[in-house]
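Engineer: Got a structure here, written out as structure tokens. Questions coming.
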Protein chains: 2
Amino acid sequence: MTETSGPELTIDLGAVQANYRTLQSHLAETELAAVVKADAYGLGLGPVARALTEAGCKTFFVATSAEAVQLRVAESNAHIHVFNGPLPGEQAAFVEHALVPVLNSLEQLHNWSVYCTEIGAPGLADIQIDTGMTRLGLEAGDVARLSAEPGLLQSVTLDLAISHLACADQPDHAMNQEQLAAFRAAAGQIGTAGKSLASSSGIFLGAQYHFDMARAGAALFGLNPVPGGPNPMRQVIRIQGKILQVRSVDTVRSVGYGASHQATRPAKIATVAIGYGDGYPRALSNAGTAFIDSHEVPVVGRVSMDLTTLDVTDVPDSLLALGQPVDFAGPLNPVDQIAGQAGTIGYEILTSLGTRYQRRYVGGEGNAA
Amino acid sequence: MTETSGPELTIDLGAVQANYRTLQSHLAETELAAVVKADAYGLGLGPVARALTEAGCKTFFVATSAEAVQLRVAESNAHIHVFNGPLPGEQAAFVEHALVPVLNSLEQLHNWSVYCTEIGAPGLADIQIDTGMTRLGLEAGDVARLSAEPGLLQSVTLDLAISHLACADQPDHAMNQEQLAAFRAAAGQIGTAGKSLASSSGIFLGAQYHFDMARAGAALFGLNPVPGGPNPMRQVIRIQGKILQVRSVDTVRSVGYGASHQATRPAKIATVAIGYGDGYPRALSNAGTAFIDSHEVPVVGRVSMDLTTLDVTDVPDSLLALGQPVDFAGPLNPVDQIAGQAGTIGYEILTSLGTRYQRRYVGGEGNAA
């Protein structure tokens, strides 16, 4: 790989595989599917799906048919489910690439049934039940109608009943039990081949949430499925920027756009080639921290598009050479922590990883060192 | 283009060209260079550079040599300047692809001079002067030394002296005049072929800021270079998501993750296939607005990775069909406004545009409709 001043993103596929196995170990007989929408949460659909397949994963969920087609090219034997289900005009792509749509409304169900009847396709599909997200899925009235009118299912073979927990990361939240009860009742009325409720955090709510299949995304990629407790998952990404310049500041002066930071003591300021153009959030201006070797250094001034300035006064000069790598995410500053400092969640940090990184995949059988 | 449920991003290259001409019209004899780092602020380096070349742009600035090489492939005749300058080991790429490095420190200058001496290259380079950003560039002491020791420039031919204004979007900020004076003094000591200080907002500070070259990025892409006043630039992007489902809510119930929104009146909620996985900021949860035709609709509940829920109670049913497009950015909700609602700047909205959009380029000679 050519040397460049831009930042590097290292993705540990071995950690993704270890996380898959850790989650599977909580699930007994329940199948563990992988959620790889949004380019596998920003980590690269192709390499991540390959690593998960190596780890034993057979079923994948994505959001759109475009993502599914990309995955089908990479993994010809995968079972691929598509959360959004088909919009009008999109059904042919589902059939052509053997994608299982999640049908979210009686209208989508009707359209899929009509289409599959026309072309004589088996019409395998999941059905989503809205148990409290008020986002996608059948409501109680729709479920009752479907139960009363089985003709609505003409040419549709139901695979999974699925639903989604709104507050699974808060184990004591009353909604979890309410959604569980609503899901049991509705799925029982419909009579699908299988049932799936839990995502990453839901796996840790206990066996009654597991059903036939769990669908993990965030935890596979190192985010903590049990916030507030120790993270049982391995960190997957490391983000490193390189020092472009270090300057000594011995007079009072401002740093960066809007002069938002004032250096008021003799200080050393390092300018590093990473910024919000790489997905390092601008919200970390005067708030984030990075690590040079084991030295924690604060972000000073505003994060700009390509550059971030750090107060490196207490770092030895031997670690401040031109090109010195600086960790903006890694073992000492996990993604969840960065997200907390930026006022968001780790998911958004991952999906915002930009296209400018030099990406290195390590671990995984296809990437044996 | 295959139909898919994912969102669409329309990029108006004709507007980029019009913005180039508008800015050039403020500059008299000063050359207008385009800043196209971070994948042309997220809009696509290749198509944007092509459109700008058609509009008469000859000089481009990027952040890293990797970006520059990508641009060189697309625009073989462009003058390409690289803000970061070369790190050790990176010089050969600069020579091979005829890139002009911006040298930001005496150390970078020394390395470049040694390298160009070794290989007998002409060593064309810009020099950056830090006049108040405390980010990259020579300080006053470095400039004095360079002035006193012309031997430091052996094998280096200086093209531009450049600097960067910290507060150009605040015309009355005292730093503008201070940086202007510091730049004049320092650039005069060094004696480069030309001088460049102003970026987008700097162009509107008046002719004394223009020098030989201005470097515009944000304004080319539709961001307002004169915040607080009417935007003289044309909007460049339009973001549209599609409705996946509309539901009537007639009992009190919560919407989305964390149950952060409560529907307390009979309402219609539309779920649209766009989310923070597309760069639509999670910070717009319960805060953003979108448009369906001319109807402004608020975001309710949390923006999730692939889905956003809107209160569409007051929108006629004829505009709520499955697949109906919804504007998340466009003429009625310009990028600067979205950024303000999300607590950031338009630049970060642009560079966060994800890879999941179906991208359509319109306008520009190469894209004549």
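Engineer: May I ask you to say which residue of A:Glu96, A:Glu149 is farther than 18 Å from B:Gln245 by Cβ, within 14 Å of another protein chain (Cβ to nearest Cβ) and charged (D, E, K, R)?
Structural biologist: Testing whether each residue is farther than 18 Å from B:Gln245 by Cβ, within 14 Å of another protein chain (Cβ to nearest Cβ) and charged (D, E, K, R) leaves just A:Glu96.
Engineer: Counting only residues that are part of a helix (DSSP H, G or I), crowded, with 20+ Cβ neighbours inside 10 Å and out of contact with any helix residue (DSSP H, G or I) (no Cβ under 8 Å at 6 or more places or on another chain), how many does the range A:184-197 have?
Structural biologist: So the answer is 1.
Engineer: Quick check: anything in the range B:41-50 modelled with pLDDT under 95 and out of contact with any Phe, Trp or Tyr (no Cβ under 8 Å at 6 or more places or on another chain)?
Structural biologist: No, because not a single residue in the range B:41-50 is modelled with pLDDT under 95 and out of contact with any Phe, Trp or Tyr (no Cβ under 8 Å at 6 or more places or on another chain).
Engineer: Looking at the range A:70-93, which of the residues that are more than 14 Å from chain B (Cβ to nearest Cβ) and assigned to a loop (DSSP other than H, G, I, E, B) is farthest from A:Pro122 (Cα to Cα)?
Structural biologist: A:Glu75
Engineer: Now a separate question. Residue check, A:Pro232 against (1) within 13 Å of chain B (Cβ to nearest Cβ); (2) more than 29 Å from B:Ser200 (Cβ to Cβ); (3) not in a strand (DSSP E or B), all met but one. Which one?
Structural biologist: (1)
Engineer: When B:Thr313 is evaluated against the numbered criteria (1) under 22 Å from the mean Cα position of the chain (by Cα); (2) within 14 Å of another protein chain (Cβ to nearest Cβ); (3) not charged (D, E, K, R), which criterion, by number, is the only one it fails?
Structural biologist: With respect to (1) under 22 Å from the mean Cα position of the chain (by Cα); (2) within 14 Å of another protein chain (Cβ to nearest Cβ); (3) not charged (D, E, K, R), B:Thr313 is out only on (1).
Engineer: On to the next question. Given the structure, is A:Ile80 touching a helix residue (DSSP H, G or I) at 6+ places or on another chain (Cβ under 6 Å) and among the β-branched types (Val, Ile, Thr)?
Structural biologist: Here the answer is yes, as A:Ile80 does meet what is asked.
Engineer: Would you be able to tell me the number of residues in the range A:255-282 that are touching a Gly at 6+ places or on another chain (Cβ under 7 Å) and surrounded by fewer than 21 Cβ atoms within 10 Å (Cβ to Cβ)?
Structural biologist: Matching residues across the range A:255-282 total 1.
Engineer: Now, a different point. Quick test for you: out of A:Pro281, A:Pro298, pick the one residue that is away from chain B (no Cβ under 11 Å) and modelled with pLDDT of 95 or more.
Structural biologist: Checking each option against the conditions leaves just A:Pro298.
Engineer: I've got another one for you. Among the residues of the range B:165-182, write down those that are within 10 Å of chain A (Cβ to nearest Cβ) and farther than 19 Å from B:Ile129 by Cα.
Structural biologist: Selection gives B:Asp169, B:Gln170, B:His173.
Engineer: Condition test on A:Glu67, is it modelled with pLDDT of 95 or more, away from chain B (no Cβ under 14 Å) and over 24 Å from A:Met233 (Cα atoms)?
Structural biologist: Judged against the criteria, A:Glu67 is not a match.
Engineer: Moving on to the next point. Mind checking which residues of the range A:342-369 are within 14 Å of another protein chain (Cβ to nearest Cβ), of a type in the set (A, V, I, L, M) and not in a helix (DSSP H, G or I)?
Structural biologist: Matches in the range A:342-369: A:Ile345, A:Leu353.
Engineer: With the structure loaded, tell me whether A:Val102 is crowded, with 20+ Cβ neighbours inside 10 Å and β-branched (Val, Ile, Thr) or whether it fails that test.
Structural biologist: Considered against the rule, which asks whether it is crowded, with 20+ Cβ neighbours inside 10 Å and β-branched (Val, Ile, Thr), A:Val102 comes out as yes.
Engineer: Sticking with this structure for a sec: Test A:Ala181 against the criterion of being without any contact (Cβ under 8 Å) to a residue 60 or more places away in the chain, outside any loop (DSSP other than H, G, I, E, B) and surrounded by fewer than 22 Cβ atoms within 10 Å (Cβ to Cβ), and give yes or no.
Structural biologist: yes
Engineer: Pick from B:Ala290, B:Ala339: which is under 25 Å from the mean Cα position of the chain (by Cα), modelled with pLDDT of 95 or more, among the aliphatic types (A, V, I, L, M) and assigned to a strand (DSSP E or B)?
Structural biologist: It is B:Ala290.
Engineer: Does the range B:280-303 contain any residue that is free of Cβ contacts under 8 Å to residues at least 40 places away in the same chain, of a type in the set (S, T, N, Q) and touching a Lys or Arg at 6+ places or on another chain (Cβ under 7 Å)?
Structural biologist: There is at least one residue in the range B:280-303 that is free of Cβ contacts under 8 Å to residues at least 40 places away in the same chain, of a type in the set (S, T, N, Q) and touching a Lys or Arg at 6+ places or on another chain (Cβ under 7 Å).
Engineer: Would you confirm, using the coordinates I've provided, whether A:Gln245 is outside any helix (DSSP H, G or I), farther than 24 Å from B:Ser254 by Cβ and polar (S, T, N, Q)?
Structural biologist: Yes.
Engineer: Scanning the range B:28-64 for residues that are in a strand (DSSP E or B) and more than 18 Å from B:Asp12 (Cβ to Cβ), which turns out farthest from the other protein chains (Cβ to nearest Cβ)?
Structural biologist: B:Glu31
Engineer: Looking at the structure I just gave you, is A:Ser248 among the small types (Gly, Ala, Ser), without any contact (Cβ under 8 Å) to a residue 40 or more places away in the chain and within 14 Å of another protein chain (Cβ to nearest Cβ)?
Structural biologist: yes
Engineer: Could you check, for the range A:43-54, whether at least one of its residues is in the same structural domain as A:Val102 (by TED's automatic domain parsing), more than 17 Å from A:Leu223 (Cβ to Cβ) and within 14 Å of the chain's Cα centre (by Cα)?
Structural biologist: For the range A:43-54, residues in the same structural domain as A:Val102 (by TED's automatic domain parsing), more than 17 Å from A:Leu223 (Cβ to Cβ) and within 14 Å of the chain's Cα centre (by Cα): present.
Engineer: Going through the range A:141-166 one residue at a time, which ones are among the aliphatic types (A, V, I, L, M) and touching an Asp or Glu at 6+ places or on another chain (Cβ under 9 Å)?
Structural biologist: Matches in the range A:141-166: A:Leu158, A:Leu160, A:Ala161, A:Ile162.
Engineer: A further question on this structure: Within the range B:307-336, how many residues turn out to be assigned to a strand (DSSP E or B), within 19 Å of A:Glu107 (Cα to Cα) and of a type in the set (S, T, N, Q)?
Structural biologist: Residues in the range B:307-336 being assigned to a strand (DSSP E or B), within 19 Å of A:Glu107 (Cα to Cα) and of a type in the set (S, T, N, Q): 1 in total.
The values are calculated or read from the model by the stated rules, or taken from the named source; none is laboratory data. This one's a predicted model, so the numbers in the text were calculated from it and none came from an experiment. Please note: Cβ atoms are built from the backbone with ideal geometry, for glycine as well, and neighbour counts cover all protein chains shown.
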